[in-house]
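**Q** This structure is in C-alpha cells; I'll ask about it shortly.
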Amino acid sequence: MQGMTIIVKKITQIMAPVIFLFGLYVIVHGHLSPGGGFAGGVILAAAFILQILSFGSILPSLRREEVWLELLESTAVMGFLVISGLGLLLASFRIFFLNFINRGTVGQLLSGGIIPLENIVVGAEVCAAITTIFIALTVYQDEVTQ
Amino acid sequence: MIVYILCFLLFLIGLYGVVVKRNLIKIIISLAIMEYSVNLFLIMVGYISAGQAPIINEEVSRTGPFVDPLPQAMILTAIVIGLATTSLLLAIAIRLYGKYGTFDIRKINHLKG
Amino acid sequence: MRYVVLFIIMMLLWLAFTWNLQTPNLIVGGVASLLTAVLFGRSFLRNTVKFFQPQRYFWIIIYLFVFIWECLKANFDVAYRVLNPAMPIKPGIVKVKSTLKTDIGRTFLANSITMTPGTITVDVIEDDFYIHWIYVSSEDPKVYSRKILGRFEKYLKRIFE
Amino acid sequence: MNSLVPLFVIVPLGSAFLMVIFGRLIKHLSKILVTMMLLFLLYLTFYFLYNVTEPQIYEVGGHAARNGVPIAIYLVIDGFSKLLLLIISLIGFLSALYALSYTRQYTAEPKFYILFSLLIAGMNGLVISGDIFNIFVFLEISSIAAYALVAFGIEREQLEASFKYQVLGGVASLIILLSIGFIYWQTGTLNMADISAQVAGTGVFFKFVAVLLITGFGLKAAIFPFHSWLPDAHSSAPSPISAMLSGVVIKAIGIYVILRLFFNMFAINYEISMTITVLGALSMIIGSLLAIGQWDIKRMLAYSSISQIGYVILGVGIGMLVLVRGGDIKIAALAITGGLFHLINHAVFKGLLFLGAGAVEYRTGTRDMRKLGGLNEVMPVTASSSLIASLSISGVPPFNGFFSKLIIIIAAVQAKYYFLALLAVIVSIITIGYFMKLQKYTFFNKNVNFPKIREVPFSMAFSQILLAVLCLGLSLLVIPDVQKIFLKPAVDALINSTAYARVILGY
C-alpha cells in the first residue's frame, strides 16, 4: 500500500500520539464516564491504522506485525479470562466474574474493583483485533490486486 | 410509535437490499443497515423522555429518572458482534473477488443449489 | 530526545484531559504517556530542540492574529463574490514555489491556505504548491505567489525554521 | 450454586486462546490441547449426568436476585441442557479425533483447532445460558466460528458457500436480535424464567414475536422454507466440520433454542405448535425428496440432514400438540422422547456418515458417486462403518435409528395423527432408497478408478469405529432404566414447561 502526501504524513506524526493518548484516557476512565474498553480500543486502533494509511506499508512488515498483534490479542483475552476466573479460585464463594478487589468510592480513578482492569485488557484486545482486521484486509487486497 | 415503525421500515429496507441486490458489497451494506436499524430500535426501547444518562457520580442525583442502561450494554455487544461478522464477510468477499474477478453474484455460481 | 519531548507533551495533554492533580491520576497519566512515547517516539517530529526556543511561541501567537485577520478578509471577499449577481469569479489552479524548507512548515502553510476561504491546496510536491484559487487575479508567478503565500510565509519561517 | 457450571465455557475459550499464544512455540500443542479439552468436557458432562439431578442455577458475578427480580446473567443446567452438552462433547471429541489426521492437508492446521474450540465454547455457552440475550451472544460466537470453518479451505465453492451461509445467518441473527428487543420492550427483562413468568397471556404481539423467533432460529436450524444454505455449507466444509455442523450445530443453535423458548419461555399454544409440526413434516418430506437426485455424497447427506431434523421436530411437535389439547401426558412424553432420542441418534449417525464421506474424499479426492465404486475392498473400515450408519439412519433394526423412528411413529398413532405417522413411514422408506443408492455407487459397484488406495490413517478409522459402536449402543436407550439417566430429565424439563420458571426464580 502506498503512502499519502507530505501534509497527511506530518499531521499524522503530530496527531497519532494524541489519538493514542486519548484512547488510553477513554479506557482508563471507562468506569467513570462513557466509553470504556471497546470504545477506547477502537480509538487506539485508529492511531495505528492512521499511521499505516498515511505512511504506507509493505507486505512483509504487515505480516510480521500481524503475528505480534495476534499474540497481543490472545494474551489480552487470556488476561480477561484469568481476571474473571480468579474469582473462581481465590474467593470462598467460587463465583465467576466475582469483583474481589475493594471497590473504593464512586467517582475516584482507583475504584470499581476489577472493572478497570478488565477495561484495560478489553482495550488491548479490541485495539489488536481491529488493527489485525485492517491489516488482514489490506494483505488480502494486495494479494488480489497483484 | 411512528419512530418504531420507521425503525422497522429501515429493517425492511435492509432486508430488501439483501434479497434484491446483486453486488456482494451492496449485500454487506444492506446487512449493516439492518444491524443499525436493530440497534436504533434497542436504544429507543431503553429511552425515557427527559431521563438522565445512567452514570452515578456526585453531581447527578440518584433519584432522578435514568435512561435504561441495559439496552445500551446490549447494543455495545451487538456492535462488537456486528464488527466481527462484517469483517468476516468483507474478507470472504475479497477472497471471492480474487477467485472470480467480480463482485457480481450472478457470475459467482459454482454451487448450483 | 524525541521520546522525552513527546512524553512531556503527552503528560501535559493528560493533565488537560483529566484536570486533577491527585497522585493516582499522575501515576496513571505517567504510565499512559510513557507508553505513548515509547510506541510513537520513533515516528514523532525530528528536531525537537525547537520546542525549547521561546521566541517561536511568541511568533505563533502573532501568527494566530495574522491568520485570523486574513481569514476575515478572505471571508468577506468570497461573500462578495458569491452574493454579487454578476459572479465575478475566475477559478483556476496555480503553481506556486514556496521558500519554506521544512516539511512541517509546508504542511502548516498548506493547511493555512486551505483554511482561508477562496484558496485550496490541491497538492504539494517538493516545494511546489498547487493551489485552486477562486479569482486568479494575475498571470505573473511573482505577483500571485506574493498574494497567496507572502502573507503567511514569513511568520511560518520564523516559527518552524 | 455449583461452581463447575461456568467451566463449560471457560475451558474451551481458554484453550482456544492458549493455542494462539503457545501454538508457535510447541508443535502439535493445538492437537493435544483440543483433545484434552474435549475429554475434560466429556468427563464434566458425565459428572453432571450421574451426580447432579436438580437443575443447577448459577448467577454470574454473584449478584443474587433482589425482590424476586433476577439481576445477574443466569447459567442454568437442567436435563435438556445436559442432553445437548453430551451430544456436543461426544461428537466434538470424535470429530476432533478424526480431524487430527484429516487436517494434515491444510497449511494453517492450528487455526482449525482454534476455531473448533470457539465453536465448542459458543455452543456450550448457548446451551447452558438462561438469559435470552446471552443466547444471542453465544449463538453468534458459534456462528462466526462456523462461517470461518466452512470457508477454511478457501477454494471457490467453500468461499461461496460460506458467503451464502453468512448472509442468511446474519439475517437470522438480526431477526433474532430484533425479537429479543421486542421481548425486552414488553417485559423489561432478559431472563428467560422471568419472561416466562411475565408472559402470561398469549397476545397478538407475542405471536408476532414467536413468528419472528421461529423464522430466525428456523434459518439457523435449516427447517424447510429456510434450508437453502445448508446443502452448500455442509457439503463444502471440511468433513469433521460437516459432521459437527450437521450433527450438532444446527441442533444446538436451532432446535435447542426453539424448543427451549417455546416450551419453557412462552406458554405453548395451538397455533405455534401446529406451525412447528407442519414445518417439521414439510422439511422431513422435502429434504428426503431433494436428497434422492444428488450425486455428490456430502450434498446428499446434507439434504438428508434436513429430512432427519424434520423427524426431530415432528416428534416434539406432536408432543406439543398433545400437551396443548390436554391429551394424555404419557403420549406427549413418548413423542418428545422419540424426538430427543432421534436428536442424539441423528448426531451420531450423521456424524459417522460425514466422517465416512470425508474418509472417501481424503483418499480418492472426489465426492462424486459416479466416479467411485467398490471401495469396500480397499477401505473396509470406512465401508463397514458407513454401512452401519446407513442402516441406522434408514431405520433398520437393531440399530438406534429404528427405535427412535418407531417411538415417534407409535406416538403419532397414539395421538391419532395417522397422516403424520404415515408420512414418517414413507419418508423412512425414501431414506432407505437413497442410502442404498449411496452404498451401491460408493462402496459396492466395481472399483474402476481407484484400485490402489489404502485405508485412512488410524485416528480417522478409530473415531469411525467408535461412532459405529455408538450406533449400536444407543439402541440401549429404549430400555427405561437407561433412558432414566439420559433422556428422562430432558423430557421432564420440556414437559413440565412452567416448572422451569418456578425452579429458577425459586417460588
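The values are calculated or read from the model by the stated rules, or taken from the named source; none is laboratory data. Not measured: the values here are computed from a predicted model. So basically every Cβ, Gly included, is an ideal-geometry build from the backbone, and we count neighbours across all protein chains shown.
**Q** Test each condition in (1) surrounded by 12 or more Cβ atoms within 10 Å (Cβ to Cβ); (2) farther than 30 Å from residue C:144 by Cα; (3) more than 12 Å from chain A (Cβ to nearest Cβ) for residue C:53 and report the one that comes out false.
**A** (1)
**Q** A follow-up question, please. Mind listing whichever residues of region A:39-71 are more than 10 Å from every other protein chain (Cβ to nearest Cβ), among the aliphatic types (A, V, I, L, M) and under 22 Å from residue D:16 (Cα atoms)?
**A** Residue satisfying the conditions is A:69 alone.
**Q** Could you tell me how many of the residues in region A:91-125 are over 13 Å from the mean Cα position of the chain (by Cα) and either within 12 Å of chain D (Cβ to nearest Cβ) or at positive phi (or both)?
**A** Adding up the residues that qualify gives 16.
**Q** Restricting attention to region D:77-96, does a residue exist that is modelled with pLDDT of 90 or more, over 18 Å from the mean Cα position of the chain (by Cα) and either part of a helix (DSSP H, G or I) or more than 29 Å from residue D:381 (Cα to Cα) (or both)?
**A** So far as region D:77-96 goes, no, none of its residues is modelled with pLDDT of 90 or more, over 18 Å from the mean Cα position of the chain (by Cα) and either part of a helix (DSSP H, G or I) or more than 29 Å from residue D:381 (Cα to Cα) (or both).
**Q** Also, quick follow-up: In region C:41-50, which residue that is at the interface with another protein chain (Cβ under 9 Å from one of its Cβ atoms) and of a type in the set (A, V, I, L, M, F, W, C) is farthest from residue A:19 (Cα to Cα)?
**A** C:45
**Q** Examine region D:263-277 for a residue that is of a type outside the set (A, V, I, L, M) and outside any helix (DSSP H, G or I), and state whether such a residue exists.
**A** Within region D:263-277, one or more residues are of a type outside the set (A, V, I, L, M) and outside any helix (DSSP H, G or I).
**Q** Here's something else I'd like to know. Among the helices (runs of 4 or more DSSP H) lying completely within region D:403-507, list those that include at least 1 residues that are among the aromatic types (Phe, Trp, Tyr).
**A** D:418-439, D:458-473, D:480-486, D:499-505
**Q** Specify which of the listed residues (B:78, B:53) is within 12 Å of chain A (Cβ to nearest Cβ) and modelled with pLDDT under 90.
**A** B:53
**Q** Follow-up. Restricted to region D:1-43, and to residues that are within 24 Å of the chain's Cα centre (by Cα) and β-branched (Val, Ile, Thr), which residue is nearest to the other protein chains (Cβ to nearest Cβ)?
**A** D:10
**Q** Out of the residues in region A:126-142 that are within 10 Å of another protein chain (Cβ to nearest Cβ) and either under 16 Å from residue A:27 (Cβ atoms) or aromatic (Phe, Trp, Tyr) (or both), state the one that is surrounded by the most Cβ atoms within 10 Å (Cβ to Cβ).
**A** Looking at residues that are within 10 Å of another protein chain (Cβ to nearest Cβ) and either under 16 Å from residue A:27 (Cβ atoms) or aromatic (Phe, Trp, Tyr) (or both), I get A:126.
**Q** If you don't mind, there's one more thing I want to ask. Using the structure shown, decide if residue D:33 is touching a residue at least 60 places away in the same chain (Cβ under 8 Å), more than 30 Å from residue D:195 (Cα to Cα) and assigned to a helix (DSSP H, G or I).
**A** yes
**Q** Here's another thing I want to ask about it. crowded, with 17+ Cβ neighbours inside 10 Å and in a loop (DSSP other than H, G, I, E, B), is that true of residue C:117?
**A** In short, yes.
**Q** Looking at region C:108-122, can you tell me whether even one residue there is in the same structural domain as residue C:75 (by TED's automatic domain parsing) and farther than 27 Å from residue C:57 by Cα?
**A** There is at least one residue in region C:108-122 that is in the same structural domain as residue C:75 (by TED's automatic domain parsing) and farther than 27 Å from residue C:57 by Cα.
**Q** Okay, moving on. Within the bounds of region D:222-237, is there any residue that is farther than 16 Å from residue D:150 by Cβ, aromatic (Phe, Trp, Tyr) and in a helix (DSSP H, G or I)?
**A** The answer is yes, given that some residue of region D:222-237 is farther than 16 Å from residue D:150 by Cβ, aromatic (Phe, Trp, Tyr) and in a helix (DSSP H, G or I).
**Q** Sticking with this one: Do the conditions hold for residue B:38, that is, is it within 16 Å of residue B:82 (Cβ to Cβ), at the interface with chain D (Cβ under 8 Å from one of its Cβ atoms) and of a type in the set (Val, Ile, Thr)?
**A** yes
**Q** Specify the residue that is nearest to the other protein chains (Cβ to nearest Cβ); the eligible residues are those in region B:1-25 that are touching a residue at least 24 places away in the same chain (Cβ under 8 Å) and in contact with an Asp or Glu (Cβ under 9 Å, 6 or more places away or on another chain).
**A** Across region B:1-25, the extreme among qualifying residues is B:24.
**Q** Can you list the helices (runs of 4 or more DSSP H) lying wholly within region D:101-204 that have 2 or more residues being at pLDDT 85 or above and facing another protein chain (nearest Cβ under 8 Å)?
**A** D:132-150, D:156-187
**Q** Another question, if that's okay. Take region C:1-40 and flag every residue that is within 7 Å of chain A (Cβ to nearest Cβ) and more than 22 Å from residue A:46 (Cβ to Cβ).
**A** Hits for region C:1-40 are C:24, C:25.
**Q** Please tell me if residue D:181 is without any contact (Cβ under 8 Å) to a residue 12 or more places away in the chain, under 20 Å from residue B:78 (Cα atoms) and under 28 Å from the mean Cα position of the chain (by Cα).
**A** yes
**Q** Kindly establish whether residue D:363 is part of a loop (DSSP other than H, G, I, E, B) and either touching a residue at least 12 places away in the same chain (Cβ under 8 Å) or touching a Cys at 6+ places or on another chain (Cβ under 8 Å) (or both).
**A** So residue D:363 does not fit the description; no.
**Q** Name the residue, out of D:268, D:253, D:286, D:309, that is over 21 Å from residue D:356 (Cβ atoms) and surrounded by 24 or more Cβ atoms within 10 Å (Cβ to Cβ).
**A** D:253
**Q** Another question about this same structure. Residue pairs, Cβ under 6 Å, 6 or more apart or interchain, first in region C:107-126 and away from every other protein chain (no Cβ under 11 Å), second of a type in the set (Asp, Glu). List them.
**A** Partner pairs satisfying both residue conditions: C:116/C:70.
**Q** Would you pick out the residues in region B:1-47 that are in contact with a Lys or Arg (Cβ under 8 Å, 6 or more places away or on another chain) and hydroxyl-bearing (Ser, Thr, Tyr)?
**A** Passing the criteria: only B:30.
**Q** Does residue B:28 satisfy being at pLDDT 85 or above and either facing another protein chain (nearest Cβ under 8 Å) or surrounded by 14 or more Cβ atoms within 10 Å (Cβ to Cβ) (or both)?
**A** yes
**Q** Scan region C:61-77 for residues that are within 17 Å of residue C:144 (Cβ to Cβ) and in contact (Cβ under 8 Å) with a residue 24 or more places away in the chain and report the count.
**A** Within region C:61-77, residues that are within 17 Å of residue C:144 (Cβ to Cβ) and in contact (Cβ under 8 Å) with a residue 24 or more places away in the chain number 3.
**Q** Pull up region D:315-350, narrow it to residues that are crowded, with 24+ Cβ neighbours inside 10 Å and without any contact (Cβ under 8 Å) to a residue 60 or more places away in the chain, then point me to the one that is farthest from the chain's Cα centre (by Cα).
**A** Restricting to residues being crowded, with 24+ Cβ neighbours inside 10 Å and without any contact (Cβ under 8 Å) to a residue 60 or more places away in the chain, the top hit is D:320.
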